[in-house]
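Contents: one structure, followed by commentary.
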Amino acid sequence: MIHAMPKRPDRPRADDSFTLYDLRIEVVATDRPMICNHRAGDWFELSGENLRFPPGQTFPLYPLAALLPLLPAKQRPTHPHDWMTTDAEIACPDPHCGGRFRITRIGTTTFSHAAVTAVPLPPPDADARVRAESGTDAPRTRGKARDDDAPVRKRRKRATRAEMLGKRGKRRKRKD
């Protein structure tokens with residue numbers, strides 16, 4: 001059975017915009033020789049989901065494959081103390097290559113959710129409605145909620161490493 005995709009709205013909702021950083025990834029030389037097929041000063045840019053290379057420039061596959069998982073995180077706003085904010089240079093994945101790749105945020109681009117996906121946004125009050133239906137006013141947190149009157153199960157004591165190994169460092173058989 002073939003399911004029809006949801007129809008995209010002709011006009012996006014006024015509140016469906018989001019902003020991503022545009023990035024420039026540039027090859028930086030170090031004191032070690034470069035082994036891979038990239039040269040100091042080579043670069044490419046990322047805006048949204050689109051990579052742009054200068055005319056006539058190539059870029060090796062393996063360093064690109066190593067960089068790709070990091071780029072969407074670098075495109076998003078991060079906490080000032082997050083390593084994704086502070087660390088800008090990535091080493092070439094070839095352990096013998098001295099190349100590094102400097103990732104720089106060079107600007108921003110604002111996108112419309114409706115323009116980049118066929119999945120509609122949930123209604124603005126969807127989270128509040130779910131909380132109201134579940135009978136809780138607080139947003140969900142990790143773990144299971146527990147009634148204060150619920151009985152607490154005792155945990156079985158785990159043996160320490162020393163107890164398991166015994167005096168001579170050999171593993172003792174457990175007595176059950």
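Matching residues to (1) within 23 Å of ARG32 (Cβ to Cβ); (2) in a loop (DSSP other than H, G, I, E, B):
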position: PRO55; (1), (2): no, yes
position: PHE59; (1), (2): yes, yes
position: LEU64; (1), (2): yes, no
position: THR78; (1), (2): no, yes
position: MET84; (1), (2): no, no
position: HIS96; (1), (2): yes, yes
position: PHE101; (1), (2): yes, no
Answer residue from the range 40-65, given it is aromatic (Phe, Trp, Tyr) and loosely packed, with under 15 Cβ neighbours inside 10 Å and is modelled with the highest pLDDT among those: PHE53
If you take the residues of the range 113-126 that are exposed (fewer than 15 other Cβ atoms within 10 Å of the Cβ) and small (Gly, Ala, Ser), which of them is farthest from THR19 (Cα to Cα)? ALA126
Please find, within the range 14-47, the residue that is farthest from CYS92 (Cα to Cα) out of those that are touching a Ser or Thr at 6+ places or on another chain (Cβ under 9 Å) and of a type in the set (Phe, Trp, Tyr). PHE18
Got at least one residue in the range 22-39 being exposed (fewer than 15 other Cβ atoms within 10 Å of the Cβ), in contact with a helix residue (DSSP H, G or I) (Cβ under 9 Å, 6 or more places away or on another chain) and within 27 Å of THR110 (Cβ to Cβ)? no
Consider the range 62-89. How many of its residues are more than 13 Å from the chain's Cα centre (by Cα) and over 14 Å from TRP43 (Cα atoms)? 9
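For every residue, the table says whether it meets (1) modelled with pLDDT of 85 or more; (2) surrounded by 11 or more Cβ atoms within 10 Å (Cβ to Cβ); (3) out of contact with any Cys (no Cβ under 8 Å at 6 or more places or on another chain).
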residue: GLU89; (1), (2), (3): yes, yes, yes
residue: CYS97; (1), (2), (3): yes, yes, no
residue: THR108; (1), (2), (3): yes, yes, yes
residue: PHE111; (1), (2), (3): yes, yes, yes
residue: VAL130; (1), (2), (3): no, yes, yes
residue: SER134; (1), (2), (3): no, no, yes
Positions within the range 43-61 being of a type outside the set (A, V, I, L, M) and more than 22 Å from PHE111 (Cβ to Cβ), in sequence order: TRP43, PRO54, PRO55, GLY56, GLN57, THR58, PHE59, PRO60
Evaluate the range 71-80: report whether one residue or more is modelled with pLDDT under 95 and either acidic (Asp, Glu) or closer than 15 Å to PRO93 by Cα (or both). no
Going residue by residue through the range 1-11, is there one that turns out to be surrounded by fewer than 16 Cβ atoms within 10 Å (Cβ to Cβ), part of a loop (DSSP other than H, G, I, E, B) and at pLDDT 95 or above? no
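The values are calculated or read from the model by the stated rules, or taken from the named source; none is laboratory data. Just so it is clear, the structure is predicted and the values come from calculations on it, not from any experiment. Every residue, glycine among them, receives a Cβ derived from its backbone with ideal geometry; neighbour counts consider all protein chains shown.
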